[in-house]
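Enquirer: The structure is given below, and queries will be raised subsequently.
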Amino acid sequence: MKTSKKGLVALLSTFLVLGLVGCSSVKYVTPEIPKVITGFDSLPAQTTEIIVNDLRTVNNKDKIAETLKKHLEEALSNDSILSEKYSLTVTILEYGAYNIEGGASFMDVGTWEAKLNIQVELRDSKNSLLDSYDIKESSIQRNNFISTLAAKSASQTVYDNVIVKIIKSINDTLRK
């Protein structure tokens, strides 16, 4: 009889742990860098410094700042005819996926909204501001079973949209 009580306790403990792990109203998901990267037309890889600041006040478990920096470095142009030095600074103000409707358990149906709010500055070698942008993006995903997948999907969507806006804005600025 002791064995069945131990088994029952182990089974109940497993469900309790799974429920607690999934019971979160905020998820911090590190987005993935796409295999095909749209790049900067003329922002030179050899002379451009990428700086990413993370000003969020919470202790985040994601690696959005590192991912964003790596992605932007990979998007720099190796074929640029520009030789001037540039500094591209991206400041993360908000990022996360928030449960806005439904249950908080990872097995509940619910709706997740991911948000990414950043500031971007492009400066030349004299530290003159060439342009700055505030980019805010959000995406809503409804999950049917596993909320972690909906949170991840919404987070990836906002990340991808922000990257496109950064690259398009910088390309437009350098064409002026």
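Enquirer: Is at least one residue of region 48-65 open to solvent by 80 Å² or more (accessible area, probe 1.4 Å), modelled with pLDDT of 90 or more, of a type in the set (A, V, I, L, M, F, W, C) and closer than 24 Å to residue 154 by Cβ?
Expert: Checked region 48-65: at least one residue is open to solvent by 80 Å² or more (accessible area, probe 1.4 Å), modelled with pLDDT of 90 or more, of a type in the set (A, V, I, L, M, F, W, C) and closer than 24 Å to residue 154 by Cβ.
Enquirer: Residues of region 43-57 being farther than 16 Å from residue 91 by Cβ and in a loop (DSSP other than H, G, I, E, B), which ones?
Expert: Selection gives 43, 45, 46, 47.
Results for (1) buried (at least 19 other Cβ atoms within 10 Å of the Cβ); (2) at pLDDT 95 or above; (3) not in a strand (DSSP E or B), shown as yes or no for each residue.
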position: 88; (1), (2), (3): yes, yes, no
position: 91; (1), (2), (3): no, yes, no
position: 96; (1), (2), (3): yes, no, no
position: 99; (1), (2), (3): yes, no, no
position: 104; (1), (2), (3): no, no, yes
position: 111; (1), (2), (3): no, no, no
position: 114; (1), (2), (3): yes, no, no
position: 118; (1), (2), (3): yes, yes, no
position: 122; (1), (2), (3): yes, yes, no
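The values are calculated or read from the model by the stated rules, or taken from the named source; none is laboratory data. Everything numeric in this text was worked out from a predicted model, so none of it was measured. Every residue, glycine among them, receives a Cβ derived from its backbone with ideal geometry; neighbour counts consider all protein chains shown. Surface accessibility is based on the protein's heavy atoms, side chains included, excluding ligands, DNA and RNA. Shrake-Rupley method; radii C 1.70, N 1.55, O 1.52, S 1.80 Å.
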